[in-house]
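A short write-up of the structure that comes next.
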Amino acid sequence: MNWEHLKTIVWLRWQLTRNQWQRGGGIGAVIALLVAIGMLLLCAAGFVGGLLGGALGLATASPRIVLGVWFGLTALFLFVWLLGLMTEVQRSETIDLQRLLHLPVALGQLFVMNYLASHLTLSILLFVPAMMGLALGLTFARGPAMLLLLPLALSLVFLVSAWSYCLRGWLAAMMTNPRRRRSIIMGITLAIMLLAQAPNFYFNVFNRQRPAPASSTRTPEDAQRQARERLAAETAKFEQLVAVAKFIPVLWLPVGAGALAEGSVWPAVLGALGGGVLGALGLRRAYRSTMRFYHGEIGGSAPAKPESAASLAAAVTTARASARFLETRLPGVPEPAAALALATFRSQLRAPEIKLALATSFIVPVIVGSSLLLGTGQQIPAAMKPFFATGSAAFALFLLVQFLANPFGYDRDGFRALVLSPADRRHILLGKNLACLPIGAGFGLTMIVLATIAFRLPALTLAATLLQLVAMLLISALGGNLLAILMPFRVPAGSMKPAKMPGLKILLLALCQMLFPVVLLPAFLPPLAALLWTKAGGSDLVPVNLLLSLALAALMVFAYACALPPLGRLLQRRETKILAVITAEVE
């Protein structure tokens, strides 16, 4: 290992980080320092909590309880790890090896450095200190044999991180083709998301048990017998889970903890050795695939095959259909706005990262809707059902806030065409809003339909909710236009994750997104007025909710029409700054 090269490269990485902080101003360094202090406090809190929990809470616990605690901790760690893997599927190198290939440096030590830097994640900082503290607490309470939990827990982290790093490296080699890169990111992220939701589907949808109806003839003996039967069934399921966990490497930690609590050390020893060996195999495979990729042995482009006449004819037909779609006239919409809306909508349908965002926003309503349909929708008071219907539509729009509030960030270099365009800037904003309309309206209608089925909403309440959705879409369009003009941010191709930004801007964007539900509060005024009208003894023949929803929708249409010209002028004044932000490459 060449320490001089290593120190030089670490110094270079530090200088690049300082440059990023300096571009964000002094507030960026302050925020980075506060985040570092917060992470240290979080690690300390997790360690102390685990230490006290092991020494005091599990001192006299049964082996099954010890196994259950470690199983829950392992499951939470894997879940948070999957969430982090979903946010950035492709590996992001701390040190780009491709820029150092022409230098006489050892790439192996740089690979190890990048691998170690990949451990600076929330899941590891949150759970590893807690695992270490819990292992030491159990050691103080139950004896030195519990020290074997330390290498066993570290082997789990090593196993998961090594194979995750290998997966990201393989994806980096596969993604040399930009279109294939974005498609792979979409597919892998969607698969991870569905895998993370598997327990929710199992317990809340497929294995949902309704409470048994109360019977006045049931005796205390019958209740005790049923309780014993349920306990026996749950115990049998737990034993089956423990038996299966012995063959799942990521569950060797809870199995070893339960065995240590019973006095057997061999499962923990074998689990630690097995996890270390599997992790070493994953890291070795990641290193070999990385070196082969940078040496040009994999990931290269194959020579293009001559296209057949059938494929050429199909391509011509597709191009003609695309041209006809882009030439479609939208009634009542100016031609520049209609052209931009159709082009943007077509671009959204072709971009895999947009498809991923749409799939995410579709899966979540399906999960929530399934819980509602199988839940206790009929037990909600009738006066509160309109609020749930309005809230379901607002929830659908909240899932799309990052997409609705940054329409220019996905244009990237294509925004130059809009800057050079002679079109009126209000028509540009109108076109962007119209492109987002099918997406927002589609998911809002999906949630409204699910709420209508779950709560059996009356026709008047359904009509009022649809008008409230119109009002919320217009509110979202106005707020999204303002945020897109004042605080744009670049979204790299193939990702929904924003590019690196100054710390203050990150805080402001997070604050604006958290306040998005507050902006939609006017949509809840009509059902609130209807509730107050009913409480005051008003007649049910007066559709207060529907009338006020109609007035709110009309008011928002008028407000949108009045706000569009000044927002267009604001866009014209700031379009060069927006262009500089969304086209800037991060070093």
>> Which residue is modelled with the lowest pLDDT, if the candidates are limited to segment 471-498 and must be over 26 Å from R350 (Cβ atoms) and of a type outside the set (G, A, S)?
In response: M487
> Which of the residues belonging to segment 535-587 are in a loop (DSSP other than H, G, I, E, B) and in contact (Cβ under 8 Å) with a residue 40 or more places away in the chain?
Replying inline: P543, T583, A584, V586, E587
> Here are some residues: G444, G409. Which one is part of a helix (DSSP H, G or I) and buried (at least 19 other Cβ atoms within 10 Å of the Cβ)?
Replying inline: G444
>> List the residue pairs whose Cβ atoms are under 6 Å apart, where the first residue sits in segment 282-298 and is in the same structural domain as F158 (by TED's automatic domain parsing) and modelled with pLDDT of 75 or more, the second is aliphatic (A, V, I, L, M) and assigned to a helix (DSSP H, G or I), and the two are 6 or more positions apart or on different chains.
In response: G282/A162; L283/A162
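The values are calculated or read from the model by the stated rules, or taken from the named source; none is laboratory data. All of these numbers come straight from a predicted model, not from anything done at the bench. Virtual Cβ from ideal backbone geometry, glycine too; neighbours counted across all protein chains shown.
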